[in-house]
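The values are calculated or read from the model by the stated rules, or taken from the named source; none is laboratory data. Everything quoted here is computed from the prediction, not taken from an experiment. A quick note on method: Cβ atoms are made from the backbone with ideal geometry, for glycine too, and the neighbour counts reach across all protein chains shown. These accessible areas exclude ligands, DNA and RNA; they are computed on the full protein's heavy atoms, side chains included. Shrake-Rupley method; radii C 1.70, N 1.55, O 1.52, S 1.80 Å.
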Amino acid sequence: MRLPFRLGLRGELLLLVAAVLVVVIALFAALWWHEKRSNADVRELSASAMRELAREGLLSRGQTLSSQLADAATNPLYYLDLAKLGELARATLRQPDVVYVVIHDANGQVVHDGSGDIPAFGQPMSDPMAYEALNAQGVHGQWSDKLLDVASPIRIGEERIGGVRVGLSRDNANRREIEMLGPLGDRLQAASNEHLAWLMALLVALIGIAVAAMVLLQRRIVQPIAGLAVAAARIEQGRYADVKLHSDRQDEIGELVRAFSRMSESVARHDRDIRRMAYTDSLTGLSNRLAFREALDERLMTLQASSGELALLFVDLDDFKRVNDTLGHEAGDEVLGQLSMRIRMAVERLGGLGTEIARFGGDEFIVLFMAEDIRTSSGRLAESLIEEIQRPLVLRGRQVFLGASVGITLFPFDAASAGQLLKNADIAMYQAKVAGKGCYRFYSKAMDQAVERRVQLEEELRGAWDRGELSLHYQPIYRLADGRLMGAEALCRWNHPRLGVVPPSVFIEVAEQSGLIESLGRHVLVQACKDAASWTPPGGERPFVSVNISPRQLRTGDLPDVVASALAATGVLPQQLHLELTETAVLGDEVQASALLSRLRATGVKVWLDDFGTGFSGLSHLRRVPVDGVKIDRSFVADVLRDPDDLALTSAIIAMAHSLGITVVAEGIEAEGQYAVLRERGCDQGQGFWLGRPMVAADIQRSFREIN
C-alpha cells in the first residue's frame, strides 16, 4: 500500500523500531498473561487437591463412626434399650465435627437422636437425605454444602432392623483449606511480582538498545545516504561540478560513496554521447521518433508564424515481415539499412530546405518535406520513394523485392498540430495499403469516415455470432470423373440488420486485423462439424466439410486442440473434416506449420493448401509441407481455355501433385469447357458456380440425401 506522505529513511527506521518494540511489548504482555494464568491454574489445582483430600478424610471418619455406631447399637435397638442407645448416640456426638446422630428403625422412624427427652421419637425422618439413608444397603455418604451425612444399616443376620445416621460438619475442613491456601497464594504472588520486575527491566534495556541503534544508524547510514541524495539531485540538474563526495570509511557505506563519486564523473563524461544517441536511430543513422517529433513541433511553430506549407510523408514497407520470417532478423536489419540510404538519396535529390527524415519504428519511415507547390512536389517525392524501394536488393547473393505504401498529409490544409498530422499520414498510408500497396495516397476527410466505419464494423462484428447475424453457407464440391457430390466448403456470411449482406472480403479482413478471427474461426469450425454430422447419404462414403483456417489461427499453436475439441463435441469423423490453409500462411513459419499440420493429419483430419499457385514458392512446398490436397486458384482456372501458359501451369500442378499422392481440387469452375478440360487433365475434384452455388445448411443437407 502506498502511503499518502513520504516517510524517508529516518522515518522508516523509526517506524521499524516502533513496530519491533510493539511486538516485544506484546510478547512480554503475552508472557505476563501466561504466567498469571499459570499461577491461577496452580492455585486452583492446589485448592482442588486439598478439597478432595479433606473430603476423603471427612468421609473416612464418617464411615468409621457410622459403622462403629451401627455395630454397637444392634442389640440395644433389637431390645429397644433406649438408655443404651442414648449413651451410644451421645458418645458419638462428642466426636469432633459430628453435628447430629440419628438411630432409626426399619421403617425410618426415629428411635434416638442423643438428646435427653428424644422429641422426635417415633416420627419418620423427613429431611432430603432421609430417603437414600433409609434405602442404603451398606455404608452410604451424602454431601451438601455444609454437611456430610453417613448412613449405615443395622442388621441381625439377613434382617434389617434399622440404621444409624451420622452428620459431620464441613466447616473445619473448609477453614483448614483456606488456612493452607493463603500462604501458597502469597508465595505465588511474590514470584509473579519478581518476574514482572525482571520483565520490565528487560524491556527498558531493549528500549535503550533501540534508541542507541537509532542514533548509530542515523549517524552511520542515514546521513551519508542523505548526502548521496543531494548529490544525485545535482547530477540530475547537470551540476556535475557541485558534486563533491569523499569518504575515508572502509566499510560498505564508504565504498558506496566512492562508487557514487566515480559514477558522477562517468555520467558527466558520457552525457554528451548519451544526448547524441538519444536522438539517433542506431540501425539506420537517421533521426528517431523523439528527434523527429521535436523537429516537427519546432517547424510547425515557425510555419504558423510565417504562413508556410509542409508535407508529411509516412512510408511503410510492404511485406517486410516476409523478409524476417524467411531470411531472419539480421537480414531484415540489413534491408532496412540499404533502404534508408535509398530514401535519403531520393529525398536529397528532390527535397527542399529543412527536409527531415526519420525512422519512425520497425519498417516505418517518415519524411518532413517543404517546397513550393507542396501537393505536386510531395506527390513526385512519393513516386520517387516507391520506385527506389521497389528496385531489387542484393542480399547474401540473392535478390529481394519489396514495395512501399506512402501516406501524405499537408499542413495547414489537413491539420495544424503535430499529433493530428501524424495520425492523418498514418490513415492515408493505410488507405494506400487497402488500394493494393505500392502506391501513395493523400489524406482526405473521407478517410476519417472510412476509418470510423471500419472501427464501427469491428465493434458490431464482436457480437454478430451471438446475435445470430453470422451464418454458414456451403458450396458443393464434386468429383470431376463422374460428377458425384463429395463434400462442401463452409463459407461464412454476415447479414447485418442495418447494412444488409456484408461481403466476406470486408468483414474477414476486419476480423483478421482485430484478432476476432480466432473466436470466429472456432465458431465456424464447430458449426461446420455440427452441420456435417447430419449429412447422411443413402450409401457410400460420408461427405466431407472443408473449413478455411486463417494464418492467425495457425500461429497461435493450439489449432490441433481446437480441432480435437470440435470433433469430440459434434461426433464428426476426423476424415470428414478438411482444413484449408493458404500457401502464404504456411510460408510465414514453415517449421511450426509443418509440425502443427503433422499433428492434425495424425488424427485423420485432411489438410489442403488453398489458392495454390499464388504463393512465393509454389510447387516446392509440396515436398516439405505435409498436406493431403491442393486447391488450384481460380485465377488459373479462369484462363485455361484461352491462355496456353495457364493451361500448362495447371496441368503441371495436377501432375506434380498426383506424383506425390496429393488430391487436386479446382476452384472457380464457371463454364462447361473449364470442367471438361480439368477432367481431361485428371483433376480430382472441383467447385464453382457452374457446378453449384453456395447454399444454406438445409439445402446442402437435402442435396446429400438425394445422392444416388
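Each principal axis of the chain carries a Cα extent, and these read 155, 95, 48 Å when sorted largest first.
Ignoring ligands, DNA and RNA, what percent of the accessible area of the chain is carbon or sulfur (1.4 Å)?
On the way: 20550 of 37410 Å².
That share works out to 55 percent.
Overall form of segment 349-491: oblate. Here a/c, set by the Cα gyration tensor axes a ≥ b ≥ c, is 1.5 or more, and a/b is not larger than b/c.
Using a 1.4 angstrom probe on the protein heavy atoms only, could you order Arg170, Arg55 from most to least accessible area?
I get Arg55, Arg170, largest accessible area first.
Long hydrophobic helices in the chain: the complete DSSP H runs spanning 30 Å or more by Cα along their own axis with mean Kyte-Doolittle hydropathy of at least 0.0 are 8-72, 171-217.
Nearest 5 percent is fine: what portion of the DSSP beta bridges confined to the chain is antiparallel? Intermediate results must be reported in sequence, preceding the final value.
Details: 65 of 91 bridges.
Around 70 percent antiparallel, to the nearest 5.
Of all lysines in the structure, those lying under 17 Å Cα to Cα from Lys631, and not within fewer than 8 positions of it along the same chain, are Lys606. Measuring between their Cα centroids, segment 408-458 and segment 23-52 lie 84 Å from each other. The lysines within cross-link reach of Lys321, meaning a Cα-to-Cα straight distance under 24 Å and a gap of 8 or more places when in the same chain, are Lys423, Lys433, Lys437.
For the pair segment 332-396 / segment 468-537, the C-alpha centres are spaced 43 Å from each other. Karplus-based coupling profile of segment 103-115, in residue order and whole Hz: 10, 10, 8, 5, 8, x, 8, 5, 9, 7, 10, x, 8, with θ = phi - 60° in 6.51 cos²θ - 1.76 cosθ + 1.60 and x standing for Gly or Pro.
Solvent exposure of Leu206, expressed as accessible area, is near 60 Å², computed with a probe of 1.4 Å over the protein chains only. For segment 475-492, the Karplus equation 6.51 cos²θ - 1.76 cosθ + 1.60, evaluated at θ = phi - 60°, returns couplings of 9, x, 10, 10, 7, 6, 5, 10, x, 7, 6, 9, x, 7, 9, 7, 10, 7 Hz by residue, with Gly and Pro reported as x. Taking amide H atoms as placed 1.01 Å from N in the peptide plane, the amide H of Gly487 lies under 5 Å from those of Ile477, Phe544, each 5 or more residues away in sequence or on another chain. Put +1 on the Cβ of each Lys and Arg and -1 on the Cβ of each Asp and Glu in the chain; which of Val572, Tyr443, Ile517 then has its Cα farthest toward the positive end of the dipole? About the Cα centre, the residue reaching furthest to the positive side is Tyr443. Counting only residues at least eight positions apart within a chain, or on another chain, the aspartates and glutamates with an alpha carbon under 19 Å from that of Lys530 are Asp466, Glu469, Glu489, Glu518, Glu541, Asp561, Glu580, Asp699.
Taking amide H atoms as placed 1.01 Å from N in the peptide plane, the amide H of His496 lies under 5 Å from those of Val501, Val502, each 5 or more residues away in sequence or on another chain. Look at where the Cα atoms of segment 633-678 and of segment 127-180 average out, and the two centres are 122 Å apart. In the chain, taking the dipole from charged Cβ atoms about the Cα centre, the farthest positive-side position among Ala89, Gly692, Ala18 is held by Ala18.
Ligands, DNA and RNA are left out, and with a 1.4 angstrom probe the accessible area of the chain is 53 Å² per residue.
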